Amino acid sequence: MQFDTEAKKYNDPEKMAAAYLVKYFGNQKIEYPINPFQMLKDEGVLFSLMNFKKLEGVYIPASSSDDVPMVGINANRPITRQRFSAAHELCHHFRDADKQISCPIGSKNAIERFAEGFAAALLMPVGELRAQVNKRKNSNHNISFDDVLEIADYFGVSFQACLFRIAYLIHAISGNTEPDELRRRATKYGPEKVRKQRHMTYTRLYGDFINAYQEQLAFKPTDYARYVFQNEYIYNDSRMEGLNVTIEQASEIVTDLRLNMQNSAYCNQENEAYLSIAGHYDMYQEIFAESVKESLDAYYLFTLNKLLFSHYPHPEFGGSARQNNTLVLGAKFETVDYHEIFNELAKVDEEVKDFFAKRKEIPVSDYLKHVVRMHHKITVIHPFPEGNGRTSRAFMNVQLVRSGITPIYIKVEDKKEYVAALSRADQTGDYDELYEIVFRLILRSYVDLHKQ
C-alpha cells in the first residue's frame, strides 16, 4: 500500500508522521537530523528553490501519469525553515495530491496547520525529543534555553520550533509559557547570536540539502549565466579587494569588453579598477569557455593570475610566483616562505587531482568541502606578488565549473564573515564556518542564475 492511501486515514499529524517514519526507515536506526529533502526525492517529488516573496512553499501535483509532482521552497528563508517547508510539502503530497497548494508565510488554515504539525512531528519525533530532554533535565525536571539550542541543533530545526514543541508537548520549560511571552523570551535569548558565539554552524543541514539537490545544481554556462555571473562576480570581487567601482560601472565595462574586446576604451585607461575588471573578464571568459573537463591541476592558478593582469601596463607581472616573503595585512596567519611555494603547491596539486578524479563517486558536499580546503591552503601559500585573493577565488570556480557545479561569488557585504571564517580555519583548523558560507553561496548562486 502506498503511503498516500494510508496518510488520509489519519486525523492526527503526530500519528501520521510516526507511521511514515516506520515506513521510510523500517528497521534501520534513525539518524538525526532527518533529511526531508531526500524524503521528497525518494517519493518521486521534484523540489526546487524559488525566489518567493510571500510563500513558504508550493505543492504542484503531477498533471498526468507521465508527469512528476513538484515542490517549490522559498530560497530566501533560513535553512531550518526550508527543511520544515520540505517536510510540510511532503505532507501535502500524501494528503492533497489532487490539487495545487500554495503555502503563505504565517498561514493558519486547518490544512496548513495539519501540515505544520506533521513537519514538526517528522523532524522532531516525540520519543526522541523526550529522550533528548531527559538527558538534560535539572532537578526541577526542566531544561534551560541553552539546552533547547543544543536539541534544536540535534534535530536541525529552528530554536523557536523546538522551544514550543518542548514547552507544550514535553512540558519541560519553566516560567511563563504563554505563546507571546515564550516568543519574547526566545527573542531576548537571541539564539542565532549564541550560535555564532559558540561557532555552531548549519553545515550538516546545508550539506544534506545539497546532496539531495545535486542534479539541479548541475551548471551549464549559458549566455544568461555568463552575463549575470560576470557582472555580479566582477563587481563584488573587485569591491572585495577595495577597488572603487559601482555595479553600474562594472556592468558597463563588462558590456564594452564583450562587444569591443580589441578596441575597448577601458583597456586603454591607466585606471586600476578598469584594468582589474578587464582582467577579471578575461579570467571568466576562460573559465566558462572550458566548462566541464576531465582534467584539472593546481598550476592552472598561474594561467588565471596571468589573465587577471593581462591588461596592465606590464602584463608579464601576472602569472609569476612571488620572489620574497610577504605580510598579509589583517590576516591571522603567516604565508609560506617563498622558497617553499612550489613544494606546497605540489601537495595541493596532488589533492586537487585526487578529488577531481573521484568527484563522481563521493557526495557532492564532500567534494565542495575539498574545494574549500584547497581554497584556504592556496590563500596561505599566497603564490603571487598580487591578486592572490581574486585568483584563489577564481580557482574555486574552476573546480566547480569543470565538475558541472554552479559557480559562486561572495558579495562585498559578506566579506567580513568570509574573512572571519578564513581566519578561524587559520587559527584552529576548523573549516565548518567556511563550509557553511560556500554551501549557502552555491544555493544562492543557483537561484540567481535561474531567474529567467
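Structure summary
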item	result
Residue ID - farthest from the chain's Cα centre (by Cα), chosen from residues in segment 87-111 that are under 21 Å from ARG165 (Cα atoms) and assigned to a helix (DSSP H, G or I)	ALA110
Residue within segment 162-174 that is assigned by TED's automatic domain parsing to the domain that holds VAL194, among the basic types (Lys, Arg), assigned to a helix (DSSP H, G or I) and buried (at least 21 other Cβ atoms within 10 Å of the Cβ) present	yes
Tally, over segment 28-48, of residues that are surrounded by fewer than 21 Cβ atoms within 10 Å (Cβ to Cβ) and either aliphatic (A, V, I, L, M) or not assigned by TED's automatic domain parsing to the domain that holds ILE111 (or both)	3
Any hit, segment 68-77, residues being assigned to a helix (DSSP H, G or I) and surrounded by 15 or more Cβ atoms within 10 Å (Cβ to Cβ)	no
Positions within segment 214-230 being crowded, with 19+ Cβ neighbours inside 10 Å and assigned to a helix (DSSP H, G or I), in sequence order	ALA225, PHE229, GLN230
Residues that are in contact with a helix residue (DSSP H, G or I) (Cβ under 8 Å, 6 or more places away or on another chain) and either assigned by TED's automatic domain parsing to the domain that holds ALA87 or among the charged types (D, E, K, R) (or both), drawn from segment 137-152	ASP146, ASP147, GLU150
Single match in GLU192, GLU181 (criterion: of a type in the set (Asp, Glu) and farther than 27 Å from ALA420 by Cα)	GLU181
Hits in segment 190-203 (condition: surrounded by fewer than 17 Cβ atoms within 10 Å (Cβ to Cβ) and in a helix (DSSP H, G or I))	GLU192, LYS193, VAL194, ARG195, LYS196, GLN197
Only listed residue being in a helix (DSSP H, G or I), more than 26 Å from the chain's Cα centre (by Cα) and in contact (Cβ under 8 Å) with a residue 40 or more places away in the chain, chosen from PHE114, PHE84	PHE114
PHE395 vs. criteria in contact with a Leu (Cβ under 9 Å, 6 or more places away or on another chain) and within 24 Å of ASP282 (Cβ to Cβ)	yes
Breaking point among (1) modelled with pLDDT of 75 or more; (2) of a type outside the set (Lys, Arg); (3) surrounded by fewer than 20 Cβ atoms within 10 Å (Cβ to Cβ); (4) under 16 Å from MET396 (Cα atoms), for GLU241	(4)
Checking GLU192 against (1) out of contact with any helix residue (DSSP H, G or I) (no Cβ under 7 Å at 6 or more places or on another chain); (2) in the same structural domain as GLY57 (by TED's automatic domain parsing), the condition it does not meet	(2)
Boolean, ASN134 is without any contact (Cβ under 8 Å) to a residue 40 or more places away in the chain and assigned by TED's automatic domain parsing to the domain that holds GLN160	yes
Residue check for ILE437: free of Cβ contacts under 8 Å to residues at least 40 places away in the same chain, under 27 Å from HIS199 (Cβ atoms) and assigned to a loop (DSSP other than H, G, I, E, B)	no
Within segment 284-334, considering residues that are within 24 Å of LYS360 (Cβ to Cβ) and hydroxyl-bearing (Ser, Thr, Tyr), the one modelled with the lowest pLDDT	SER291
Where ALA161 falls short, out of the listed (1) within 26 Å of the chain's Cα centre (by Cα); (2) without any contact (Cβ under 8 Å) to a residue 40 or more places away in the chain	(2)
In segment 411-435, residue farthest from VAL352 (Cα to Cα) [restricted to those that are among the aliphatic types (A, V, I, L, M) and surrounded by fewer than 20 Cβ atoms within 10 Å (Cβ to Cβ)]	VAL412
Which listed residue is buried (at least 17 other Cβ atoms within 10 Å of the Cβ), in the same structural domain as TYR10 (by TED's automatic domain parsing), out of contact with any strand residue (DSSP E or B) (no Cβ under 8 Å at 6 or more places or on another chain) and acidic (Asp, Glu), from GLU116, GLU112	GLU116
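For every residue, the table says whether it meets (1) in contact with a strand residue (DSSP E or B) (Cβ under 9 Å, 6 or more places away or on another chain); (2) within 20 Å of THR80 (Cβ to Cβ).
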site: ASP4; (1), (2): no, no
site: ALA17; (1), (2): no, yes
site: VAL22; (1), (2): no, no
site: GLN28; (1), (2): no, no
site: GLU31; (1), (2): no, yes
site: MET39; (1), (2): no, yes
site: GLY44; (1), (2): no, no
site: ASN51; (1), (2): yes, yes
site: LYS54; (1), (2): yes, yes
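The values are calculated or read from the model by the stated rules, or taken from the named source; none is laboratory data. These figures come from a predicted structure and were not determined experimentally. FYI the Cβ positions are ideal-geometry reconstructions off the backbone, even for glycines, and counts take in every protein chain you see.
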